[in-house]
1. Which one is nearest to the chain's Cα centre (by Cα) among residues in the stretch 121-152 that are surrounded by fewer than 16 Cβ atoms within 10 Å (Cβ to Cβ) and of a type in the set (D, E, K, R)?
2. List pairs: first in the stretch 175-195 and farther than 15 Å from LEU2 by Cβ and part of a loop (DSSP other than H, G, I, E, B), second charged (D, E, K, R) and at pLDDT below 75, Cβ under 8 Å, 6+ apart or cross-chain?
Amino acid sequence: MLRDLLELGTFLPLLKKDSTKRTTIIIRATVHDPSIVPQSTLMKLDNMVFDLAMEKDETINIYGVNVILDLKSVRVGHMLTPAAAKKAVHSWQDCYPVSPKRFDFIFAPRLIDVALSVFRRFMTAKMRARVHVHGINLKSLHEQVDPSILPTEYGGTAGPVQDLIDYWKQEVLNAKDWYLEEDKFCSVLEKPITK
């Protein structure tokens, strides 16, 4: 299943940095079939790719990241439960040694504000201010994100998404030994998160 998910390209750190030396990550949250792939499996894969990206490039921890969430063709099954939303926000906000500087939602349906209200409940005011919804308007995204770093499918000039998918698939598969070694150093949560 891991190889199949890698071929979908759900979590794609871009290979070119923006003008502030930040890495931009495209999360293609709707390319999988939610009746086959549980959100927890998808989030695990996303975390694996993110961990590897941080291992390969320590400047991610210094400059932070921008996140583009592609919601094209979103269905109810793609939506996170409130509990999963809380975990996702907690992970980005409090666990990773990386500061997310922007969350840009693209191809978002009009009802996205209802879903985002669940996420916003768990965000700090600072994090809420970093959330931007563009709908289907890529021009407004390009005002914030230089098209020269974006794949062609997002109005950019940095090549097709498939190149990123192929790159990250190969990187993850080549890092098998690194993942096995990293797995030895895990923490165990003794109390549930109550924030």
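1. Among those residues, the one meeting the criterion is ARG128.
2. ILE193/LYS86; ILE193/LYS87; LYS195/ASP94
The values are calculated or read from the model by the stated rules, or taken from the named source; none is laboratory data. Computed from a predicted structure; not experimentally measured. Please note: Cβ atoms are built from the backbone with ideal geometry, for glycine as well, and neighbour counts cover all protein chains shown.
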